[in-house]
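The values are calculated or read from the model by the stated rules, or taken from the named source; none is laboratory data. None of these values were measured; they are calculated from a predicted model. All Cβ positions, glycine included, derive from the backbone under ideal geometry; neighbour counts span all protein chains shown. Accessible surface areas use protein heavy atoms only, side chains included; no ligands, DNA or RNA. Shrake-Rupley method; radii C 1.70, N 1.55, O 1.52, S 1.80 Å.
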Amino acid sequence: IETAESKGVSMAVDPLQKLLGMTPVLKGMSLDDVRRLFSVAQRVNWKGGQEVFIEDEVGRDMYILCGGSMSVWLSCAGRGNPIAILKPGDNFGEMALVGNGKRTANVLALDDSYGIRINAQTLDKIPNVGLQLFRNIASGLTSRLVDSNRQVAALQSGQSVPKLAALATTVDAAESRNAETDLKELEHANANLAQL
């Protein structure tokens, strides 16, 4: 079977398809679903060092990080002890979207970053996509709860639990895939979406 690639023709991967493949909260959505989501969402830019939101602040938006990196930390532990480092494809702020509207953590842009903002009113415009998004949020929150329960049990039994900050800075080969190319493709996709 002869393909365009075998003929030497370069096949560009749709940047939204790439985002779809690396964003768990978009699981089960079609490319058209993601386009609909992006069409009602807002692009947001953050400067390195900028606070995205603070713990206990009221908010009803969630975000999908498309470029850059973020640090998530709790006030009781301090900024120097992040509980997570976010990378492109990660989502955050979803607990305020589905919960009581209060932020449960602080989020800080580690470098110049950008993403999309999604709120409940936005999702009302695309109910089928919104339903899938909420299912994925529920699945992600369930996984995080299971992990947290295991860590609490390990601490209670006297076992050591690796520091999350140390884990977050460990870059394995799968995550070190050509991030610069991903960033350029996502920026190109955002530019194309802005023209729609």
- Query: Which ones in region 57-76 are farther than 11 Å from Asn106 by Cα and assigned to a loop (DSSP other than H, G, I, E, B)?
  - Reply: Gly59, Arg60, Gly68, Ser69
- Tally the residues that are hydroxyl-bearing (Ser, Thr, Tyr) and closer than 12 Å to Gly93 by Cβ, restricting the search to region 31-75. 1
- Take region 31-56 and flag every residue that is closer than 13 Å to Ser71 by Cα, open to solvent by 50 Å² or more (accessible area, probe 1.4 Å) and part of a strand (DSSP E or B). Glu51
- Tell me which residues, restricted to region 1-60, are of a type in the set (A, V, I, L, M, F, W, C), in contact with a helix residue (DSSP H, G or I) (Cβ under 9 Å, 6 or more places away or on another chain), farther than 16 Å from Ile126 by Cβ and modelled with pLDDT of 90 or more. Phe53, Val58
- Message: Out of everything in region 70-107 that is among the polar types (S, T, N, Q) and modelled with pLDDT of 85 or more, what residue ends up being nearest to the chain's Cα centre (by Cα)?
- Response: Asn91
- Message: Anything in region 70-117 that is surrounded by fewer than 20 Cβ atoms within 10 Å (Cβ to Cβ), among the hydroxyl-bearing types (Ser, Thr, Tyr) and in contact (Cβ under 8 Å) with a residue 60 or more places away in the chain? List them, or say none.
- Response: Tyr114
- Within region 107-162, count every residue that is small (Gly, Ala, Ser) and part of a helix (DSSP H, G or I). 9
- Residues being of a type in the set (A, V, I, L, M, F, W, C) and farther than 25 Å from Arg135 by Cα - total across region 17-51: 1
- Query: Checking Leu133 against (1) loosely packed, with under 14 Cβ neighbours inside 10 Å; (2) closer than 29 Å to Leu31 by Cβ; (3) touching a residue at least 60 places away in the same chain (Cβ under 8 Å), which single condition isn't satisfied?
  - Reply: (1)
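Just wondering, is there one or more residues in region 118-128 that are at pLDDT 80 or above, open to solvent by 50 Å² or more (accessible area, probe 1.4 Å) and within 18 Å of the chain's Cα centre (by Cα)?
Scanning region 118-128 turns up no residue that is at pLDDT 80 or above, open to solvent by 50 Å² or more (accessible area, probe 1.4 Å) and within 18 Å of the chain's Cα centre (by Cα).
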- Checking Arg79 against (1) of a type outside the set (Gly, Ala, Ser); (2) part of a loop (DSSP other than H, G, I, E, B); (3) more than 15 Å from Gly48 (Cα to Cα), the condition it does not meet: (3)
